[in-house]
């Protein structure tokens, strides 16, 4: 081919950049900007109503930048500061997620092997056999089990934790970590710089004196604002690379007790033993490397896998860096494959329009949908208002909503059709789906699924059901609060 032929370039010339701009003169628009050949018509989920569209504009950074620039051009510099600041904040805090927007039409349910392989393929998380799982309810059960595991450590203890606060629980765990570090066990603790900001100097001194290694996940600096909103919400404690705990609770005093009053939060942790622990350790290792630059290695962190039971486990590690969080994908696949019932317990339930559509479609195909949510005892006012605001759409679709009464409900579980369940750290909101590092454990084991169903039923007896007629009687002031809270629904 001569140097004048189409597609050739002079010697030494830079290679043409493979981009849409470069392709545009050579490729028809119908192939460049959409699928070619076009996909068959599919149902699009989550069509926005007028109020949703208004909120979307108000939450867009460019919608605030435009008036800031105009005010500056007209010489109103002081007035331009407010929209300019809003544009700056929204630009750095808005999630860059790419959620699924087309409805699945699966011809299989959660009991099918196709469900398992689809979930593994889409999330990139394999199912691992040979594990044992134990379920613990409330702090008086799971804290002693976690401390016992730390005490048994002979090689390593690693933990990535959103909440590690000063107090009785924080001190007990700090002393346990320090004791093992003094005994020569490698202890590495990765704490979220926002969630664990109240660790306290006393606990820090205990850890430091014992020889524990502590690192802070994404501390806030002016030059890290672009990632400041992406937090580590995981709660993983891993001992000798073979035993791991995860669930809804952090390390703080309000998880002590048995959920008998408003000072004792209702929560759940699970203990995993076996080859599946490697996935949680991998999640820790990746974030430890990201934070410290150190690669953890060797048999003390990654031992040869040995079967400890018969439970196959899928560990979902979700991260905002992928653009479409695996935890959110896991939830929406399960919602659309349900055939008989969906039992969801979650403290912060702020579904977007597409998830509301999925739940409504589930009801239309005869699925019983029960949501058990945090009620009047809620530690986040903004989340509470946003959740209540959306009750109407769900109730009108036939979804049953129950609010837990004795205290703050904080576990994050879902049981589907009596054959599949998940327990983990993921809240049912945009923050967990698109902005935070999360961990969920999924299993098909009939005994464990039935155990979680029984726990759900027991907790349901301590709830009050929300009726549509009751919800419609909310006063103007309550509706005003909900509207105000909705402006930051993506951040709570």
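Couple of notes before you dig in:
- Exactly one residue among 356, 350, 368 is surrounded by fewer than 21 Cβ atoms within 10 Å (Cβ to Cβ) and in contact with a helix residue (DSSP H, G or I) (Cβ under 6 Å, 6 or more places away or on another chain), and that residue is 356.
Okay, residues lined up against (1) without any contact (Cβ under 8 Å) to a residue 24 or more places away in the chain; (2) in contact with a strand residue (DSSP E or B) (Cβ under 8 Å, 6 or more places away or on another chain); (3) outside any loop (DSSP other than H, G, I, E, B):
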{"site": "303", "(1), (2), (3)": "no, no, no"}
{"site": "312", "(1), (2), (3)": "no, yes, yes"}
{"site": "316", "(1), (2), (3)": "no, yes, yes"}
{"site": "330", "(1), (2), (3)": "no, yes, yes"}
{"site": "336", "(1), (2), (3)": "no, no, yes"}
{"site": "344", "(1), (2), (3)": "no, yes, yes"}
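- Residue in the range 121-136 that is modelled with the lowest pLDDT, counting only those that are in a helix (DSSP H, G or I) and surrounded by fewer than 17 Cβ atoms within 10 Å (Cβ to Cβ): 122
For every residue, the table says whether it meets (1) assigned by TED's automatic domain parsing to the domain that holds residue 431; (2) free of Cβ contacts under 8 Å to residues at least 40 places away in the same chain; (3) farther than 29 Å from residue 289 by Cα.
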position	(1), (2), (3)
102	no, no, yes
109	no, no, yes
117	no, yes, yes
155	no, no, no
158	no, no, no
164	no, no, no
174	no, yes, no
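- Filtered by the rule that a residue be in a strand (DSSP E or B) and more than 18 Å from residue 345 (Cβ to Cβ), the range 414-453 gives 436, 437.
- Residue selected from the range 176-214 under the condition surrounded by 23 or more Cβ atoms within 10 Å (Cβ to Cβ) and touching a residue at least 60 places away in the same chain (Cβ under 8 Å), by the criterion farthest from residue 243 (Cα to Cα): 190
- Candidates 449, 423: the one that is in contact with a strand residue (DSSP E or B) (Cβ under 8 Å, 6 or more places away or on another chain), without any contact (Cβ under 8 Å) to a residue 40 or more places away in the chain and surrounded by 17 or more Cβ atoms within 10 Å (Cβ to Cβ) is 449.
- Of all residues in the range 205-231, those being touching a strand residue (DSSP E or B) at 6+ places or on another chain (Cβ under 8 Å) and within 20 Å of residue 88 (Cβ to Cβ) number 3.
- Filtering 354, 363 for residues that are part of a helix (DSSP H, G or I), at pLDDT 95 or above and more than 23 Å from residue 259 (Cα to Cα) leaves a single hit, 363.
- Meets criteria (in contact with a strand residue (DSSP E or B) (Cβ under 6 Å, 6 or more places away or on another chain), part of a strand (DSSP E or B) and under 23 Å from residue 139 (Cα atoms)) for residue 464: no
- Checking 118, 110 one by one, the residue that is in contact with a strand residue (DSSP E or B) (Cβ under 7 Å, 6 or more places away or on another chain), surrounded by 15 or more Cβ atoms within 10 Å (Cβ to Cβ), under 30 Å from residue 422 (Cβ atoms) and modelled with pLDDT of 85 or more is 110 and no other.
Quick grid of which residues meet (1) at pLDDT 65 or above; (2) within 30 Å of residue 332 (Cα to Cα):
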| site | (1), (2) |
| --- | --- |
| 23 | no, no |
| 47 | yes, yes |
| 50 | yes, yes |
| 78 | yes, no |
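- When 331, 343 are checked against the criterion of being within 18 Å of residue 105 (Cα to Cα) and crowded, with 23+ Cβ neighbours inside 10 Å, a single residue qualifies: 331.
- When the residues of the range 271-280 are filtered to those that are crowded, with 21+ Cβ neighbours inside 10 Å and closer than 10 Å to residue 241 by Cβ, the one that is nearest to the chain's Cα centre (by Cα) is 280.
The values are calculated or read from the model by the stated rules, or taken from the named source; none is laboratory data. For clarity, every value in this text was computed on a predicted model and none was experimentally measured. We place every Cβ from the backbone using ideal geometry, glycine too, and count neighbours over all the protein chains shown.
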